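Here the structure is laid out as structure tokens; the discussion comes afterwards.
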Amino acid sequence: MKNILSSPKNLKKIKSAMGAEGAEKLHVLSDFDRTLLKSSVDGQKSPSVIAQIRNGKYLTPDYAPRAHALFDKYRPMEIDPDLSQKERSAAMHEWFSEHFKLLAECGLTKQVIEEIVATKTIRFRDGALEFIDFLHEKNIPLVIMSGAPGDMVAMYLEQEGRLYDNVHIIATFLNFDADGKMIGLREPLIHSLNKDEIILKDFPIFQIVKNRPNVLLLGDSLDDVGMVEGFDYKNMLKIGFLNEAVEENLENFKKTFDVVLTGDPGMEYINNLLKELFS
């Protein structure tokens, strides 16, 4: 693991300001997949929350090939450097819309989601549960903004006993009928590239965080910094997990984040930082 500071002098200034104003002025804005969760498990790249449905045999036989066809069509657009951010975001919106329709069509149920979560195919980073505990003890709001289904994010946290009252999930939640079968989704549709369009003011959590102008932002993608769009912050410390292709992406990560963590590390650096500032 390596901690790379974009500007040690600027980092010191931000830490000093945040520490002086105290925990009651802070909220945490975090991605979920490969941010609070490990990027790899047992030497294998960890699937995203949504990919676990695609990779398993939980739904009708035609689901997996159709889902993989959508992946093959849209994934290259998601990472195409020649497309504008707007074009990539539009492709992602199309992909997610089609995929959620497919999930409902192929028989996704609440029971299936519970089965997937119970397998624990994905794992929280070392120290992530302690991180969530510390925020709870200090009554610091943790806002998780994720492209994963919100129902699954909540279940993963609940499974670990960490769905605390200070944890708030902004994600796409599913609608189920009385028998637990998925029948649609609740707007807004959130994916990895439209977080800059999801404005905190539009959610109930804003009433809590509006008086907490200092932000600790955690993500594993350059686009994750868009989570803070529209929020009038005072001080912000951005920490990025650069999980793969380090040499190719390091300079852009350093331009975007104040601290870059490489090597798929645990949360030790962040936990020590919070203890330094607020214990």
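What to note about this one:
- Residue in segment 78-85 that is of a type in the set (A, V, I, L, M) and touching a residue at least 40 places away in the same chain (Cβ under 8 Å) present: no
- Here is the figure for segment 70-86: residues that are surrounded by 13 or more Cβ atoms within 10 Å (Cβ to Cβ), assigned to a helix (DSSP H, G or I) and of a type outside the set (Ser, Thr, Tyr) total 7.
- Among the conditions (1) within 25 Å of Ser89 (Cβ to Cβ); (2) open to solvent by 40 Å² or more (accessible area, probe 1.4 Å); (3) outside any loop (DSSP other than H, G, I, E, B), the only one that Phe253 does not satisfy is (2).
- In the set (1) touching a residue at least 24 places away in the same chain (Cβ under 8 Å); (2) part of a helix (DSSP H, G or I); (3) open to solvent by 50 Å² or more (accessible area, probe 1.4 Å); (4) over 30 Å from Arg212 (Cβ atoms), the condition left unmet by Ala67 is number (3).
- Evaluated against (1) of a type outside the set (S, T, N, Q); (2) more than 27 Å from Gly22 (Cβ to Cβ); (3) under 16 Å from the mean Cα position of the chain (by Cα); (4) modelled with pLDDT of 95 or more, Gly147 falls short on exactly one condition, (4).
- Of the residues making up segment 26-46, those that are in a loop (DSSP other than H, G, I, E, B) and in contact with a helix residue (DSSP H, G or I) (Cβ under 6 Å, 6 or more places away or on another chain) are Asp31, Phe32, Leu36.
- Of the residues Thr60, Thr109, Thr119, Thr35, the single one that is closer than 30 Å to Gly230 by Cα and among the β-branched types (Val, Ile, Thr) is Thr35.
- Picking from residues in segment 150-194 that are at positive phi and open to solvent by less than 40 Å² (accessible area, probe 1.4 Å), the one that is nearest to the chain's Cα centre (by Cα) is Gly184.
- Pick from segment 162-217, criterion assigned to a helix (DSSP H, G or I) and of a type outside the set (Lys, Arg), ranking: modelled with the lowest pLDDT: Glu197
- Any hit, segment 34-48, residues being open to solvent by less than 30 Å² (accessible area, probe 1.4 Å), aliphatic (A, V, I, L, M) and out of contact with any Lys or Arg (no Cβ under 8 Å at 6 or more places or on another chain): no
The values are calculated or read from the model by the stated rules, or taken from the named source; none is laboratory data. Keep in mind that what you see is a predicted model, and the values were worked out from it rather than measured. Methodologically, a virtual Cβ is constructed for each residue, glycine included, from the backbone with ideal geometry; neighbour enumeration extends over all protein chains shown. Areas reflect the complete protein model, heavy atoms only, side chains present, ligands, DNA and RNA absent. Shrake-Rupley method; radii C 1.70, N 1.55, O 1.52, S 1.80 Å.
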